[in-house]
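What follows is a set of notes on a single structure, which appears directly below.
The values are calculated or read from the model by the stated rules, or taken from the named source; none is laboratory data. On a predicted model such as this, the values are computed, not experimentally measured, just so you know. Methodologically, a virtual Cβ is constructed for each residue, glycine included, from the backbone with ideal geometry; neighbour enumeration extends over all protein chains shown.
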C-alpha cells in the first residue's frame, strides 16, 4: 500500500464520521460539514481549493487525508446511447456502472460488490462468483465519475444531470448493508450528492432480514427480483429461494415499511417456456394481492449465464399478453426495454471484463 493509500479516505466517511474525524485533528466539528460540502463538488481534487478552511488546517488535511476518485474510466457507448463505465479498483479488480440517458431523465445503474455470491443462473455477474464488497467511496465514486463524464460530454444526454440512481449493477446490495446505508447517506445528504430518496432504488434478490432493515433505516425505493410465481421455478432460477422462499419473501414485502404512495417494484424476467405461461401470470397476480406494488416485465438478455441455451426470450406478442393479464387484474405493469445489450450493459450482463 502506498503512503497516499494509507491516508484516511474522506469519501469513506459519512457526515457524522467526518465531524468526529476533524475533531480528532483538534478542529471544531462544523469543519467536517464544511469539508463534506467540498469533496463532492465537481472538479475539487485538492484540499488547497477549500478556501473557507484555514490554510494551516488544509495543510494538516493533506498530510493525513485524501479524496479518492475514479479517473480515466473505460467507456463503451451503445447504439442506443447507453454508456458502460469500467472502473479499476486499487486492488486491480474491475467494476462496471451503466448510464441510461432518456429525454426526461438520466439513470445511473451502480454496483455494490465486485462479483456476486447469489448465483442466479441467468446472470453473468452471478457466474463470476463473489470477489468482495465495495466500500462507501467505491460506491459513491461511481456516481461522481459519471457525473464528471457527463459534464465533459455535455452533448451526449438530452438532460444534463444525473436524476436517478438504481442499485442494480454488480452484486447484491443488501449483502453489503453497512456500506450501502452509508453510501445512501452520502448520496442523499444535501452537503453530499443531494439526491432525493425517491430518486434512488435499491434492488434485492430477496434477503429478507436485510430488506426489512433497509425499510427501517432508509426512505429509498425497493425493487424485488422475483422472476417466478412458483417456488420450484424460482429455485431453479435463483438459489436464494431455498433460503427465503416466495412465501417468506412476500410476507416481508407486506410488512415492508413503505412511505405514503410508495410502492415496491417487482422485477419479473420472462423466460420462454419456463415462467411466461398464462397460468404464471394468473398465479403472480394472486401472489401479489394486497402488496402496494408495480411490476416490471423484462425479457432475458442475450448472453446471460452459463446455461445460455436454456434461457430464451419469449416473443413480443407473449410479453404483451402476459402484461395484459396482469393489467386486467388491476396491476400497474411496465415492459422494461433492454438498453445497452450490444455492449453487454443490459441487466444480468455485467461481468467486469471491459478491455482497456
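Taking segment 313-334 as the range and being surrounded by fewer than 17 Cβ atoms within 10 Å (Cβ to Cβ), in a loop (DSSP other than H, G, I, E, B) and touching a helix residue (DSSP H, G or I) at 6+ places or on another chain (Cβ under 8 Å) as the test, only 329 passes. Checking each residue in segment 56-71 for being within 15 Å of residue 38 (Cα to Cα) and either surrounded by fewer than 13 Cβ atoms within 10 Å (Cβ to Cβ) or under 32 Å from the mean Cα position of the chain (by Cα) (or both) picks out 61, 62, 65, 66, 67, 68, 69.
One residue stands out in segment 225-241 among those that are assigned to a helix (DSSP H, G or I) and touching a residue at least 24 places away in the same chain (Cβ under 8 Å): the one that is nearest to the chain's Cα centre (by Cα), namely 240. Is it the case that some residue within segment 168-184 is part of a strand (DSSP E or B), more than 24 Å from residue 16 (Cα to Cα) and either out of contact with any strand residue (DSSP E or B) (no Cβ under 8 Å at 6 or more places or on another chain) or in contact (Cβ under 8 Å) with a residue 60 or more places away in the chain (or both)? Within segment 168-184, none of the residues are part of a strand (DSSP E or B), more than 24 Å from residue 16 (Cα to Cα) and either out of contact with any strand residue (DSSP E or B) (no Cβ under 8 Å at 6 or more places or on another chain) or in contact (Cβ under 8 Å) with a residue 60 or more places away in the chain (or both).
Pairs linking a residue in segment 200-220 that is not assigned by TED's automatic domain parsing to the domain that holds residue 119 and part of a loop (DSSP other than H, G, I, E, B) to a residue that is modelled with pLDDT under 95 and surrounded by 16 or more Cβ atoms within 10 Å (Cβ to Cβ), with Cβ atoms under 6 Å and 6 or more positions apart or on different chains, do not occur.
Mind checking whether some residue in segment 22-30 is under 25 Å from residue 106 (Cβ atoms) and loosely packed, with under 15 Cβ neighbours inside 10 Å? Looking for residues that are under 25 Å from residue 106 (Cβ atoms) and loosely packed, with under 15 Cβ neighbours inside 10 Å, one finds none in segment 22-30, hence no.
Tell me the residue from 224, 208 that is farther than 16 Å from residue 114 by Cβ, at pLDDT 95 or above and crowded, with 22+ Cβ neighbours inside 10 Å, please.
On the way: 208 fails: crowded, with 22+ Cβ neighbours inside 10 Å.
Only one candidate passes the filter, namely 224.
Out of the residues in segment 72-84 that are under 23 Å from residue 4 (Cβ atoms) and touching a residue at least 40 places away in the same chain (Cβ under 8 Å), state the one that is surrounded by the most Cβ atoms within 10 Å (Cβ to Cβ). Outline the logic, then answer.
Here is the first cut: in segment 72-84, the ones under 23 Å from residue 4 (Cβ atoms) are 72-74.
Then drop every residue that is not touching a residue at least 40 places away in the same chain (Cβ under 8 Å), which leaves 73-74.
Details: 73: 20, 74: 14.
Only one residue tops the list, namely 73.
Name, by its number, the condition in (1) within 19 Å of residue 194 (Cα to Cα); (2) in contact (Cβ under 8 Å) with a residue 24 or more places away in the chain that does not hold for residue 16. Looking at each condition in turn, residue 16 falls short on (2).
Run down 308, 288, 297 and say which single residue is at pLDDT 95 or above, farther than 24 Å from residue 81 by Cα and in the same structural domain as residue 167 (by TED's automatic domain parsing). I'd like the intermediate steps shown before the answer.
Working: 308 fails: at pLDDT 95 or above; 297 fails: farther than 24 Å from residue 81 by Cα.
288 is the lone residue from the list that is at pLDDT 95 or above, farther than 24 Å from residue 81 by Cα and in the same structural domain as residue 167 (by TED's automatic domain parsing).
For the structure I just gave you, tell me whether residue 240 is buried (at least 22 other Cβ atoms within 10 Å of the Cβ), out of contact with any strand residue (DSSP E or B) (no Cβ under 6 Å at 6 or more places or on another chain) and within 23 Å of residue 173 (Cα to Cα). Against the criterion (buried (at least 22 other Cβ atoms within 10 Å of the Cβ), out of contact with any strand residue (DSSP E or B) (no Cβ under 6 Å at 6 or more places or on another chain) and within 23 Å of residue 173 (Cα to Cα)), residue 240 qualifies. If only residues of segment 136-153 that are closer than 19 Å to residue 182 by Cβ and in contact with a strand residue (DSSP E or B) (Cβ under 8 Å, 6 or more places away or on another chain) are counted, the one that is surrounded by the fewest Cβ atoms within 10 Å (Cβ to Cβ) is 145.
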